[in-house]
Amino acid sequence: MTNGKSTTTFQSQQHIGVFMFTQSTSSTSLSISTQSSSRKCRSAWSILLALPLAFLSSNAIAADKPDPETIRIHLMDGSVISGKLSMKELAIETEFGNLKVPVEKIKSLTPGLTSRPTLAKEVTKLIDDLGSTIFSDREKAQAALSKLGLPIRAELERFKDDEDIERRNRVQTILTEFDQLAEEQERGDARPELGPSMQQRDVIETTEFTIVGKIVPQTFGISSLYGDLNVKLADIRRGQRDVGGREPQTEKIDVAGTHMIPQSSVHTKVRVERGDVVTVTAEGIITMSPWGSRASSTPDGNQQYGWYIPEQIAIGTLIGKVNGADKFEKFGSKKTFTADRAGTLELGVAMQPGQLGNNFPGKYSVKIRVQPKQP
C-alpha cells in the first residue's frame, strides 16, 4: 500500500482483473476493473465474492481497535464527552515527586475533593451539621449525605469514631444504609452509583499501577466530534480510556432441586477463559422431601442427610465446574476461584444416586461474576 492505495490482482474462473482500495481521511472508495465489460454487474458481484476475506477484514479489525489517545469524560451533570486530550501527558504531583503519565497508558482518572473545592466545602459542612445542636439541621444533613450515595463512603468513614456521639451515630447509620445499597448492587437489584467520587486526592489508574496525588492541569482541552472543548477538572466525575479486552460479566441463574448431580446439571451460557477470576454466590432453600416436609438444605448443603463426597461435600450442596473438568467442586453459598481452563460453567445440586428419583422442591438463586484475566 502506497499513498493510501492498495491494489490487488485477482483471478476467478471467469474473470481476471484488478481490485483497488483507496482510503483517505475523508473518504474510502472501491474500484474494480476487469477484462470483461459486457457483464459488468455480474462480474462485480462474482469478483467480490471471490475476494479473500482476510483482505477485507484487515481494515475492519483496525477500525475495531480502540484509539489509544481517545478518552471518555463523565461530567458531574451526567453528560459524557468522548475525544482526544490536547496533551500527550498528564502531570500529577505526589508525595514522592512529580510524575508525567502518557495518556495512552491511562485507564481512568478520578478527581478528588481537593480538586473540587466547592463540593468539598459542602460535604464538610454537611458532616459538621451532623453534630449540630439543632435537630432539624442534623436531619437535613443526614438526608443530604445519604442522597450523595456510595461515593462519599470513604469520606464518612473518617468520622465513624468521631468524639461527638450524635455525629458518630448518624455517620454509622448512613454507612449501614450504604452497606445495604452495596449488597443490592452486588445482587444487581440496584442501579450503580453515578455520583462523584469523594476521596480526598486525585487518582490516576494506569495499565500497570495506580497513582494518588494532585492532577496539575485544572482545565483540559478535548477535541471531540462537536469541536474543541475546554473542561474544568472540578467538573469531571471520572475519565476512562478504552483499553480493549473483555468486560467483566455478571449473570443470574436459578438452579432448581431437579438439577441433581450426577443425573442432571444446568449448562449455563457463562463462558470463562483460563486465568479469569470467577466469583459464585448463592442463596435459597431446597426441601429435602425424603426426610420430611420440614427438612431443607441451603447452598452449603446439610450433612445430616448424608454426603455426596464423604466428609467433603454434603447432600444438597451447590456444586459446579468448568465444562470439561473431571469432577464437580463445592461452590456453596460463595466461592471465588481462578479458572484453570476455558469453557462454560455447569452447576447442580449434590445428591446421592439412591435419591435421584425423589422430588426436591425449591431452588438456589445463583449469581456469577467473571473478572477477565488481566493482560
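Each reported figure results from applying straightforward, stated rules to the coordinates on display, with no laboratory input. Please read these numbers as outputs of a predicted model, since none were measured by experiment. Ideal geometry is used to build each Cβ from the backbone, glycine not excepted, and the neighbour counts take in all protein chains shown.
Over 32 Å between Cα atoms: which of Lys125/Lys214; Lys334/Lys373; Lys107/Lys363; Lys160/Lys373; Lys121/Lys334; Lys100/Lys140 fall into that group? Pairs exceeding the cut-off: Lys107/Lys363; Lys160/Lys373; Lys121/Lys334; Lys100/Lys140. Taking each residue as 0.36 nm, the span from Ala144 to Ser79 lengthens on full extension beyond its C-alpha to C-alpha distance by 21.2 nm. Remark: spin-label model distance Asp179-Lys160 equals 0.8 nm, labels positioned 7 Å along the Cα→Cβ axis. Straight-line cross-link reach from Lys84 at under 14 Å between alpha-carbon atoms covers these aspartates and glutamates, not counting any fewer than eight positions away in the same chain: Asp67, Glu69, Glu104, Asp228, Asp242. Highest mean packing comes first when the peptides 112-121, 232-241 are listed by Cβ atoms within 10 Å, giving 232-241, 112-121. Sorted from greatest to least, the principal axis extents spanned by the alpha carbons of the stretch 195-292 come out as 69, 29, 28 Å.
Loop-located chymotrypsin sites (Phe, Trp or Tyr not before Pro) across the stretch 251-358 with a Cβ neighbour count of 16 or fewer within 10 Å are lacking, with loop assigned by DSSP. Straightening the chain between Asp326 and His267 buys 19.7 nm, computed as 0.36 nm per residue apart minus the Cα-Cα spacing. Applying both filters, DSSP loop and at most 16 other Cβ atoms within 10 Å, to the trypsin sites (Lys or Arg not before Pro) of the stretch 268-368 gives Arg274, Arg294, Lys327, Arg341. On the basis of the beta-carbon distance and an R0 of 41 Å, Phe337 and Val216 show a calculated FRET efficiency of 0.45.
Could you estimate the translational diffusion coefficient of the stretch 265-375 from the Stokes-Einstein equation, with Rh from the Kirkwood formula over C-alpha pairs, at 20 °C and 1.002 mPa s, in whole µm²/s? Result for D is 148 µm²/s.
Taking only the C-alpha atoms of the stretch 74-164, Rg followed by Dmax gives 17.7, 52 Å. Simple spin-label estimate for Asn98 and Asn230 gives 2.1 nm between the two label positions (7 Å along the Cα-to-Cβ direction from each Cα).
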